[in-house]
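Quick notes on the structure that follows.
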Amino acid sequence: MFDWFKKSGDDAESMTAITAEFGQMLDAGRHCFDTAANALLGGTDPEVIRNNLFETDKSINRSEQQLRRHLVVHVTVHGSTSLPACLVLMSVVKDAERIGDYAKNIFDLTPQSHLLGKD
């Protein structure tokens, strides 16, 4: 999906590492969403998954900071040739970070899950 990032700029290796880390961040976001949705809709005990959900979200937040730092360094070193790709990736990294926040918001609805499906 992000193959065009890998080919941009002179140092394709650093962009490959950045996109790999971004992929891991998306996987962690998916885990957060699945966990929160199971707590809300699947009947999973919220207390069992609370710590895992919040720790995974913290990990996503750290990944966002690290990725943005790597992107700034990459643009500084490689100049304007990789600037557009890095700006786009910075934007989607921020969006990916929000997935964990949205998952926590879904998780916060679990006390009202008994109201779902009622008119």
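None of the figures in this text is laboratory data; all of them are computed from the coordinates on show. Values in this document were obtained by computation on a predicted structure and should not be read as measured data. Here Cβ is always computed from backbone atoms with ideal geometry, including for glycine, and neighbour counts include all displayed protein chains.
Residue-level check: of (1) surrounded by fewer than 18 Cβ atoms within 10 Å (Cβ to Cβ); (2) closer than 14 Å to GLU21 by Cα; (3) not polar (S, T, N, Q), GLY79 misses just (2). Is it fair to say ARG68 is out of contact with any strand residue (DSSP E or B) (no Cβ under 7 Å at 6 or more places or on another chain) and either crowded, with 19+ Cβ neighbours inside 10 Å or within 15 Å of MET15 (Cα to Cα) (or both)? Yes; evaluated as a whole, the condition is true for this residue.
If you go through the range 90-108 and keep only what is in contact with a helix residue (DSSP H, G or I) (Cβ under 6 Å, 6 or more places away or on another chain) and either among the hydrophobic types (A, V, I, L, M, F, W, C) or under 15 Å from MET15 (Cα atoms) (or both), you end up with MET90, VAL93, ALA96, ILE99, ALA103, ILE106, PHE107. Filtering the range 44-63 to residues that are touching a residue at least 12 places away in the same chain (Cβ under 8 Å) and farther than 17 Å from ASN105 by Cβ leaves SER59, SER63.
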